[in-house]
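Read through the structure below, which is laid out as structure tokens, and then see the notes.
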Amino acid sequence: MFLKKTLELPTEETALRGRQHAIPTAEAHFVNGRPLKGPYPEGLETAVFAMGCFWGVERVFWQVPGVYVTAVGYVNGLTPNPTYEEVCSGMTGHTEAVLVVFDPKVVTYSDLLKVFWENHDPTQGMRQGNDIGTQYRSGIYATNDAQAQAAEESRETYQQALSKQGYGRITSEIAPAGPFFFAEDYHQQYLAKNPHGYCGIGGTGVTCPIGVGVQA
């Protein structure tokens, strides 16, 4: 079941069945000790991004001033409460994502979109660098209409910049956030626990071809 990698998303009929209850995960953020699942302080907002392997993505975001806590998990799929192995099989429809809880008085959603676009290559489809599979697709998962509109506008801005430099179409999906399934304990803040572990993005791997300096 898990041996064949596919670049096609499953259907309702072919997706794995999953389970009723959430899989176990950490209670607190390994770096700052804050509760991973909340409750979060009043006035904070949430954002969800997928940019390839979630280990490196999470580290990028937890270092942003104004970000209260981060967590890795699985989004925009069909299988309830999937495991990492199930997601990697390509038969759940999920992509690896990062939940970002932030203080909008310190860092805006537009600021986070800039971090998103400029720390990976959004033109690669069902992959990110050497990481290949549906679980590595790029995406922005909006928690409200304002985020969705900001995401669409920023995608157009970055597409114009990429097109001017001869790059192809952005493949990042923009969709409602939906349920966020927290990944297993060992995945949470993985690169803080394993400082020399694999990192696909964030200065040591794939970055946006246009670099920095675009106003999102």
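Name the pairs whose Cβ atoms lie under 6 Å apart, with the first residue in the stretch 92-110 and open to solvent by 10 Å² or more (accessible area, probe 1.4 Å), the second assigned to a loop (DSSP other than H, G, I, E, B), and 6 or more positions between them or separate chains?
Here the result reads Leu99/Phe180; Asp103/Leu44; Asp103/Gly66; Val106/Gly66; Ser110/Ala216, each pair linking the stretch 92-110 to a residue that is assigned to a loop (DSSP other than H, G, I, E, B).
Tell me which residues, restricted to the stretch 128-166, are within 17 Å of the chain's Cα centre (by Cα), open to solvent by 10 Å² or more (accessible area, probe 1.4 Å) and at positive phi.
Gly129 - this is the single residue of the stretch 128-166 that is within 17 Å of the chain's Cα centre (by Cα), open to solvent by 10 Å² or more (accessible area, probe 1.4 Å) and at positive phi.
Could you tell me whether the stretch 8-24 includes any residue that is open to solvent by less than 60 Å² (accessible area, probe 1.4 Å), more than 19 Å from Gly178 (Cβ to Cβ) and not charged (D, E, K, R)?
The answer is no; no qualifying residue exists.
Residues of the stretch 149-195 being closer than 23 Å to Cys53 by Cα, hydrophobic (A, V, I, L, M, F, W, C) and in a helix (DSSP H, G or I), which ones?
Correct list: Ala151, Leu162, Leu191, Ala192.
Considering the stretch 95-128 alone, what residues qualify as being among the hydroxyl-bearing types (Ser, Thr, Tyr) and either in contact with a Gly (Cβ under 7 Å, 6 or more places away or on another chain) or part of a strand (DSSP E or B) (or both)?
Residues satisfying the conditions are Thr95, Thr123.
Within the stretch 38-45, identify whether any single residue is surrounded by 15 or more Cβ atoms within 10 Å (Cβ to Cβ), acidic (Asp, Glu), within 20 Å of Asn144 (Cβ to Cβ) and in contact (Cβ under 8 Å) with a residue 24 or more places away in the chain, and answer yes or no.
Yes: the stretch 38-45 contains one or more residues that are surrounded by 15 or more Cβ atoms within 10 Å (Cβ to Cβ), acidic (Asp, Glu), within 20 Å of Asn144 (Cβ to Cβ) and in contact (Cβ under 8 Å) with a residue 24 or more places away in the chain.
The values are calculated or read from the model by the stated rules, or taken from the named source; none is laboratory data. All figures in this text were calculated on a predicted structure; none of them were measured in a lab. Note that we place each Cβ from the backbone using ideal geometry, even for glycine, and neighbour counts take in every protein chain shown. Heads up: the accessible areas ignore ligands, DNA and RNA and are worked out on the full protein's heavy atoms, side chains in. Shrake-Rupley method; radii C 1.70, N 1.55, O 1.52, S 1.80 Å.
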